[in-house]
Each structure stands twice: as C-alpha cells, then as structure tokens.
C-alpha cells in the first residue's frame, strides 16, 4: 500500500507539479512548522484548532492534504496533533471526565471519495494514530450519505452552508455513551461541525471535542 501511494505521488508530482511553497513546507520539521505557522484564534472550549486559515502557507498546507492527499505533510501534522491531543486529553480527563475517547474522522460522501480517491481526514487520522496509538480508539462511525458542495470552496453565508449540509450525516449507535474526538482539516463557519454534532448527539454520544488543523 505504501509503495502504491509513493507511485501515485510520483505521477501526481510529474503531471501537476507542486507549488514551491509546498516543497518548502515539506522540508520543515513538525516543530518548525508549529513555530512558523500562525496559531488559530480560540473558538470555544469544545474546539481545538492549530493554525490560522487566513495565512497563505496554512492554506497551501491544508489544500495540499485536502486535494492531493499529501502524506508527507499529513504525517508532520499528525505528529503535531498527537502531541496537542496528548496534553489536551490529559487536562480534560482530569477536569471533565473526558476518558476513553473515540477518534472519528469527518466523513466525505461517496461521490467525493470517488473524485479524490481518499478522505483527507482519514489520512490525517492515520498519522495521528501513528504517533499516539494509546490515546484513543479509532472508529469511522460517521457517514455522509448525501453529497454536498465543498464548504471550503463556497462563498455561501453560514445559514446557506447549514442548509446545504442539513441532515447529510448519520452516526452509528455503537457510539452511544462514548466521548468523541471529531477530526477535520479545516473549520470556517462551523456548519460542518454542527451537522456532525447533530448526528453524533442523536446517536447518543456523551461529549464531543472538535479538532481541526486550521480555522
């Protein structure tokens, strides 16, 4: 599988050369990325986001993972996320009884998966699990059963985005009573997180921690 991924990356690089900025990001260590890229502003106490999406280097990193499935950058970001989650979960276990969580990738529709060949949040989840295999259980319990336009590419209002996503996801009842870490690449208006939250709460989950690479 790893060999096939490298072959695919080789042909993608040949047919669609990467931007110079992307090569520069790939050369940086996770620590250097964390130091160089601007931090996201605080959203609320249920959401953790690493980087400021308004920054052009952050956008380049996100889009490279989102639309090319760049595993070099996903691995570096996975290491950063694993370290952040290790500290975050230690605090929340102590003060909120947020224990034994399940890591859940934000789902994509079947149409989007066929178009891209992957789900970028599953790629990110693989990298996080590589660096923190002991922190959580992994289960893709959320399903997006209806295709919607990409939230990152639309200029719709928050209300229009919420309408676009309304009841587009289902969650497995296997998650009932569990704490959830919901992982996405980027959150903007919060409409995607809100739809996922609705589906998870209807399935009976206990608490939800939203985690995104950028906001």
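The values are calculated or read from the model by the stated rules, or taken from the named source; none is laboratory data. Predicted model, so just to flag it, every value in this text is computed and none were measured. Glycine also receives a Cβ, built like all others from the backbone with ideal geometry; neighbour counts cover every protein chain displayed.
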TODO: Mind listing whichever residues of the stretch 189-204 are outside any helix (DSSP H, G or I) and either within 19 Å of the chain's Cα centre (by Cα) or in contact (Cβ under 8 Å) with a residue 40 or more places away in the chain (or both)?
DONE: 189, 190, 203
Open item on the list: So residue 104 passes all but one of these: (1) in a helix (DSSP H, G or I); (2) modelled with pLDDT of 95 or more; (3) surrounded by 21 or more Cβ atoms within 10 Å (Cβ to Cβ). Which condition number does it fail?
Closed with: (1)
Open item on the list: Quick check on my filter: what residues within the stretch 1-22 are in a loop (DSSP other than H, G, I, E, B) and either in contact with a helix residue (DSSP H, G or I) (Cβ under 9 Å, 6 or more places away or on another chain) or modelled with pLDDT of 95 or more (or both)?
Closed with: 16, 18, 19
Open item on the list: Looking at 25, 34, 50 in this structure, which one is in contact with a strand residue (DSSP E or B) (Cβ under 9 Å, 6 or more places away or on another chain), part of a helix (DSSP H, G or I) and surrounded by 12 or more Cβ atoms within 10 Å (Cβ to Cβ)?
Closed with: 34
TODO: Return a yes/no flag: does the stretch 57-77 have any residue that is in a loop (DSSP other than H, G, I, E, B) and surrounded by 20 or more Cβ atoms within 10 Å (Cβ to Cβ).
DONE: yes
Open item on the list: Tell me whether the stretch 61-80 contains one or more residues that are in contact (Cβ under 8 Å) with a residue 24 or more places away in the chain, farther than 23 Å from residue 181 by Cα and touching a strand residue (DSSP E or B) at 6+ places or on another chain (Cβ under 8 Å).
Closed with: no
Task: Residue that is farthest from residue 75 (Cα to Cα), among those in the stretch 113-133 that are outside any helix (DSSP H, G or I) and in contact (Cβ under 8 Å) with a residue 40 or more places away in the chain - done: 117
- [ ] Go through (1) part of a loop (DSSP other than H, G, I, E, B); (2) surrounded by 20 or more Cβ atoms within 10 Å (Cβ to Cβ); (3) at pLDDT 90 or above and name the single condition residue 148 misses.
- [x] (3)
- [ ] Considering only residues that are out of contact with any helix residue (DSSP H, G or I) (no Cβ under 6 Å at 6 or more places or on another chain) and buried (at least 19 other Cβ atoms within 10 Å of the Cβ), look in the stretch 193-207 and name the one that is modelled with the lowest pLDDT.
- [x] 193
Task: Every pair of residues 6+ apart whose Cβ atoms lie under 9 Å, when the first sits in the stretch 162-176 and is on the phi > 0 side of the Ramachandran plot and in contact (Cβ under 8 Å) with a residue 24 or more places away in the chain while the second is assigned to a helix (DSSP H, G or I) and crowded, with 18+ Cβ neighbours inside 10 Å - done: 167/195; 167/199
